[in-house]
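Just so it is clear, none of the values below were taken in a lab; they were calculated from the coordinates. On a predicted model such as this, the values are computed, not experimentally measured, just so you know. Cβ atoms come from the backbone with ideal geometry, glycine included; neighbour counts cover every protein chain shown.
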Amino acid sequence: MLPVPTSRKKPAFMTAEQLLTADLSSIGEPRGEEHGLTQLIRDSWTEVEPQVEEMGRLFYATLFRIAPETRDLFPVNMEVQRSRLMRALVHVVQMVDQPDELVPFLEQLGRDHRKFGVVAQHYDAVGEALITAIATTAGPAWTPTVRDAWVDAFSAVSTAMRTAAQAERGPASWLGRVVGHERLGWDLAIITVQTGEPIPYRAGQYVSVETPQRPRLWRYLSPANAPREDGTLEFHVRAVDGGWVSRAIVAHSRIGDTWRIGPPMGRMHVDPTTGRDLLMVSGGTGMAPIKALLEDIADRPEQPRTQVFVGGRTWDDLYDFANLRKFSYSNTWLDVIPVVEEEEGSSGAEHGTLADVVTRYGAWADHDVLVCGSPAMIRATVSRMLVAGTPLDRIKYDPFTMD
Ligand SMILES: Cc1cc2nc3c(=O)[nH]c(=O)nc-3n(C[C@H](O)[C@H](O)[C@H](O)COP(=O)(O)OP(=O)(O)OC[C@H]3O[C@@H](n4cnc5c(N)ncnc54)[C@H](O)[C@@H]3O)c2cc1C
Ligand code: HEM
């Protein structure tokens, strides 16, 4: 098996999750000369990208032909997923020149994949399907050198995932029972799920869940509480337009439903050793991991001075602000500022997008910064903060989606 290639200049300041939001990876310091292997992959991918739908069909057709048993791991209706696995594969393979950050993420992903029932042989089948699909689609751009580059990169990615999965002794998933369903609006609900034994997650991490309403459609959610001995997890779920899973969870979850929950992922955390003040920026249900982190910080012997901005389009979007403000009254290290984009009925709040308001206060260069929310909100906030002078290595975020 080939070793993970090393890059000539590694952006060691980026989290693995940052690497997955490729458009952000170009912001900040120049990355220097690209590693040859990754460059070959990226160039050949540009040729194939316009035909990604066709490549997706070919990928799954090949996979299900050479390893028919893998069909049952995927949703019955493949259309609803729009080639998530294949797109994820291509995305990750293109990041292979940044192993210091990518490998820890792949290790989490490999442990997480056990919940699907993925076993070691499936990686070879997926690799073959990927190479076949891309070779057929790429046409003349597919030279032996390009092929070697894809094979090497896939091999490095799958080795990291497979090895971590094989070494893991913990459960592949946990069963949880829905014990609370509080509807906060037509598109928002707080769901409380209780597992038999507590899941060993850290405040700020996320987990994937599978619900009885949408079998085999796993989605990531962030617990809104620090780990509890009774194993309860609160999830804030917003129904997105056209969303298969989020709409079903908000509208149709019932007390007594059984959820399957995957192993914890993500690296969002507050490092108590930096000694720096903290800035947290949260949009929409990005409030969930922020709440978990605040609960965790409150339990520590010492707390950093913490500034939280909570944003939404309207005041109604700040669904949990009243609770957060109450929490700040009894925790003097914490200050919270509401931010709304539309002015109507929002006196007492700052106006503008989170990106506008946060950067209005300065560069926050001496703070550790956590940003949680939708991909668009994260992109806008992080890029504006970088322009304002916040160092990239101080900013942490997890992607809300790879879409
Ligand atoms: C690390 C992480 C943590 C997350 N934590 C939470 C959480 O705590 N609470 C929560 O409600 N969601 C959270 N999400 C988002 C969640 O996993 C789903 O992506 C989201 O609920 C949509 O799933 P769906 O099946 O309803 O939509 P899909 O059927 O997958 O997609 C339908 C449409 O919605 C768009 N879409 C997908 N995701 C989003 C999004 N986040 N915002 C806006 N549009 C989107 C898609 O592009 C597509 O057009 C998190 C995602 C990640 C990656
Ligand atoms: C080798 C490297 C692999 C990588 C980088 C990878 C990555 C991913 C990622 C990131 C997702 C989640 C996508 C999302 O929800 O946004 C996913 C989903 C999934 N993966 Fe993998 N995966 C790999 C290998 C495999 C293998 C070998 C199998 C076994 C057949 C597999 C089966 C699945 C299934 C069933 C899903 C959920 C259904 C879907 O989203 O299409 N994966 N993969």
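Quick notes on this one:
- Burial ordering of TYR60, TYR206, fewest other beta-carbon atoms within 10 Å first: TYR60, TYR206
- Cross-link partners for LYS396 among the aspartates and glutamates, with Cα-Cα distance under 12 Å and sequence neighbours closer than 8 places in the same chain left out: GLU17, ASP271, ASP368.
- Spatially, region 325-393 and region 158-223 are offset by 28 Å when compared through their Cα centroids.
- Shape of region 174-261, Cα gyration tensor, a/c cut at 1.5: prolate
- In the chain, the calculated helix contribution to ellipticity at 222 nm averages -12000 deg cm²/dmol per residue, counting -39,500 (n - 2.57) for every DSSP H run with n ≥ 4.
- With θ taken as phi - 60° and the Karplus curve 6.51 cos²θ - 1.76 cosθ + 1.60 applied, the whole-hertz 3J(HN,Hα) list for region 122-138 is 4, 5, 5, 5, 5, x, 5, 5, 5, 5, 4, 5, 6, 4, 5, 7, 6 Hz, x standing for glycine and proline.
- The GNM of the chain, with springs linking C-alpha atoms under 10 angstrom apart, assigns the highest mean-square fluctuation among ASP317, ASP72, ASP296 to ASP72.
- Beta bridges assigned by DSSP with both partners in the chain are antiparallel in approximately 55 percent of cases.
- Relative packing of 152-165, 329-342, which averages over residues the other C-beta atoms within 10 Å, highest first: 152-165, 329-342
- Rounded if a/c under 1.5, otherwise prolate or oblate - region 224-368, Cα gyration tensor axes: oblate
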